[in-house]
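Worksheet for the structure shown next.
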Amino acid sequence: MSVKIRLTRIGRHEDPFYRIVAADSHFARDGRIIEQIGVYDPSKGIDAAQINEELAIKWLNNGAIPSDSVRTMLARKGIMTRFAESKKKASK
């Protein structure tokens, strides 16, 4: 099973709102998910995204691959940096 961290769209017509989820890559975009990691409201910008850091790092450690947009959000929040540091510590 290949797990991806990606956005799932919810919200009304012309008023998007997204959940940041860990999901099997074979399922539909708005289909079955494994776990919700956070939320993103594009009207407020990427910096206002709410992401549970512990869950995000847990899934990254388990081999989940973030989509390009989610990778940008994780990088802005500093989660990708902390993930890289934790990988460095584990390899030493």
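The values are calculated or read from the model by the stated rules, or taken from the named source; none is laboratory data. What you see is a predicted model, and the numbers here were worked out from it, not measured in a lab. Cβ sites come from the backbone with ideal geometry, for glycine too, and all protein chains shown count toward neighbours. These area figures cover heavy atoms from the full protein model, side chains too; ligands, DNA and RNA do not enter into them. Shrake-Rupley method; radii C 1.70, N 1.55, O 1.52, S 1.80 Å.
Its alpha carbons considered, the chain gives a radius of gyration followed by a Dmax of 13.4, 50 Å. Once both labels are positioned 7 Å from their Cα atoms along Cα-to-Cβ, the gap between Ser69 and Lys87 label points is 2.4 nm. Within the same chain, lysines fewer than 8 places from Lys87 are excluded, and of the rest, those with a Cα less than 24 Å from its Cα are Lys4, Lys58, Lys77. Along region 32-37 the Karplus relation, 6.51 cos²θ - 1.76 cosθ + 1.60 evaluated at θ = phi - 60°, assigns HN-Hα couplings of 5, 10, 8, 7, 8, 9 Hz to successive residues, with x for each Gly and Pro. Nonpolar atom fraction for the chain, defined as the carbon and sulfur part of the 1.4 Å probe accessible area, stands at 49 percent. Between Phe17 and Ala48, full extension at 0.36 nm per residue minus the direct alpha carbon distance yields a gain of 9.9 nm.
Wrap a convex hull around the Cα atoms of region 42-88, take a quarter of its surface area, and give that in square nanometres. Spelled out: convex hull of the Cα atoms, projected over all directions, averaged, 3.1 nm².
Across the chain, the relative contact order, built from alpha-carbon pairs under 8 Å that are at least six residues apart, equals 25 percent.
The residues of the chain expose, per residue, 64 Å² of accessible area to a 1.4 Å probe.
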